[in-house]
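J.: I'd like to ask some things about the structure below.
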Amino acid sequence: MKETKSLYFNAVLLTIGVISIGLSSILIKWSSAPASILGMYRLFFTLVIITPMMRKVSLPAIIKELSRKDLILLVLAGFFLGLHFLLWMESLDLTSVASSMILLSLQPLFIMIGSFVMFKERTTGGGVLALSVAVIGSAVTAWGDIGLSSQALYGDLLSLLGAVASSLYMLAGQNLVRKIPPIAYSYIVFFVAAVVMLVYNLLQGTALFAYDVKEWVLFLLLAIVPTIFGQMLFNRLLGSLGATTISMVIVAEPAVAILLASVLLDERISLLQAVGGAVTLAGIGLFFWFKQRMIKRSQERLS
């Protein structure tokens, strides 16, 4: 019973998280700043906001207790997160949001493969079926908006690489968040990712401060909504739920983004998008149904 209640509670948190990250594409569309600047300030503002939460956490003590392997994984997690933001947000300037989202929704596939290779974790047949349904739904959602130009194809490649980077970020951090407080994990990886994007902007000669008030407000909103209520929430749940479950929920982002766009950007939802979104949500629901069945079976064995 306790495990079932925990599953429902986590489902609520995951819903909050996916709605929050779904808003990221809306906020990015409202901005005219370079993608690398959006990603950098999104992370730096997040660090400023959560710094007061770090009072009871001693980073030097935490870092001292970690092995060299863990420290390398921690830095790699931050690097891959920064790379993900850079590649995915850059892809939005070259291809359609929907096309980019299709490739981003392949994360669970990459994570399932990575989890098996790195941790010998096997996914049940039901989990594979649920993943297939969700990814097909995501593809249907965005099918009518796929670009075929050379620029769009390059943007799609960036999005695909961004999905790989995001998968590596979650795989690198899956065990780390079980060893250190989630707030400390988030703080360190966000700092490393922000530095990665700062270095990129400096090398590209991108203007760091020449933005109007509207842009700075959007930078702040990107930090609060999709990062704190999205990314940080997922970091907190990563240790208990695992990278595969988190990535499965993120597959719903295209459907959520399209629904939010219809409300906030007055964009019309097509029948194909509605059907695809419903199939995606059905696939995610199927995944959690199979997971609940596994919990009940485990409880029956123990009793």
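J.: Tell me, please, whether a residue that is more than 29 Å from S32 (Cβ to Cβ) and not small (G, A, S) can be found in the range 188-202. Can you show your working first?
T.: Just the residues of the range 188-202 that are more than 29 Å from S32 (Cβ to Cβ), to begin with: 188.
Narrowing the set further to residues that are not small (G, A, S) leaves 188.
Within the range 188-202, one or more residues are more than 29 Å from S32 (Cβ to Cβ) and not small (G, A, S).
J.: Now for a different question. Can you tell me which residue among G114, G144, G137, G82 is modelled with pLDDT of 80 or more, part of a helix (DSSP H, G or I) and not aliphatic (A, V, I, L, M)?
T.: On the way: G114 fails: modelled with pLDDT of 80 or more; G144 fails: modelled with pLDDT of 80 or more; G137 fails: modelled with pLDDT of 80 or more.
That would be G82, the only listed residue that is modelled with pLDDT of 80 or more, part of a helix (DSSP H, G or I) and not aliphatic (A, V, I, L, M).
J.: On the given criteria, is L59 touching a helix residue (DSSP H, G or I) at 6+ places or on another chain (Cβ under 9 Å) and either acidic (D, E) or closer than 18 Å to A194 by Cβ (or both)? Before the answer, list the steps.
T.: On the way: touching a helix residue (DSSP H, G or I) at 6+ places or on another chain (Cβ under 9 Å): yes; either acidic (D, E) or closer than 18 Å to A194 by Cβ (or both): yes.
The answer is yes for L59.
J.: Shifting gears a bit: Hey, L221 hits all of (1) of a type in the set (A, V, I, L, M); (2) part of a helix (DSSP H, G or I); (3) out of contact with any Leu (no Cβ under 6 Å at 6 or more places or on another chain); (4) at pLDDT 90 or above but one; which does it fall short on?
T.: Tallying (1) of a type in the set (A, V, I, L, M); (2) part of a helix (DSSP H, G or I); (3) out of contact with any Leu (no Cβ under 6 Å at 6 or more places or on another chain); (4) at pLDDT 90 or above, L221 fails exactly one: (3).
J.: While we're looking at this one, here's another question. Quick one: which of S166, S240, S186 is in contact with a helix residue (DSSP H, G or I) (Cβ under 9 Å, 6 or more places away or on another chain), hydroxyl-bearing (S, T, Y) and closer than 21 Å to K56 by Cα?
T.: So the residue among S166, S240, S186 that is in contact with a helix residue (DSSP H, G or I) (Cβ under 9 Å, 6 or more places away or on another chain), hydroxyl-bearing (S, T, Y) and closer than 21 Å to K56 by Cα is S186.
J.: Continuing with the same structure: Answer yes or no as to whether I180 is part of a loop (DSSP other than H, G, I, E, B), on the phi < 0 side of the Ramachandran plot and either surrounded by 19 or more Cβ atoms within 10 Å (Cβ to Cβ) or in contact (Cβ under 8 Å) with a residue 60 or more places away in the chain (or both).
T.: yes
J.: What residue, of T206, T245, is among the hydroxyl-bearing types (S, T, Y) and either modelled with pLDDT of 95 or more or assigned to a loop (DSSP other than H, G, I, E, B) (or both)?
T.: After applying the criteria, what remains is T206.
J.: Given the conditions (1) modelled with pLDDT of 75 or more; (2) more than 19 Å from G230 (Cβ to Cβ); (3) among the hydroxyl-bearing types (S, T, Y), report the number of the one that S270 does not fulfil.
T.: In the conditions (1) modelled with pLDDT of 75 or more; (2) more than 19 Å from G230 (Cβ to Cβ); (3) among the hydroxyl-bearing types (S, T, Y), S270 misses (1) alone.
J.: Across the range 49-92, which residue is nearest to I228 (Cα to Cα) among those that are touching a Leu at 6+ places or on another chain (Cβ under 9 Å) and among the charged types (D, E, K, R)?
T.: Across the range 49-92, the extreme among qualifying residues is E90.
J.: Can you spot a residue in the range 22-29 that is touching a residue at least 24 places away in the same chain (Cβ under 8 Å), surrounded by fewer than 19 Cβ atoms within 10 Å (Cβ to Cβ), out of contact with any strand residue (DSSP E or B) (no Cβ under 7 Å at 6 or more places or on another chain) and more than 24 Å from V249 (Cα to Cα)?
T.: Looking through the range 22-29, none of the residues is touching a residue at least 24 places away in the same chain (Cβ under 8 Å), surrounded by fewer than 19 Cβ atoms within 10 Å (Cβ to Cβ), out of contact with any strand residue (DSSP E or B) (no Cβ under 7 Å at 6 or more places or on another chain) and more than 24 Å from V249 (Cα to Cα).
The values are calculated or read from the model by the stated rules, or taken from the named source; none is laboratory data. This structure is a prediction, so every number in the text was calculated from the model and none was measured. No Cβ is skipped: glycine too gets one built from the backbone with ideal geometry, and neighbour counts run over all protein chains shown.
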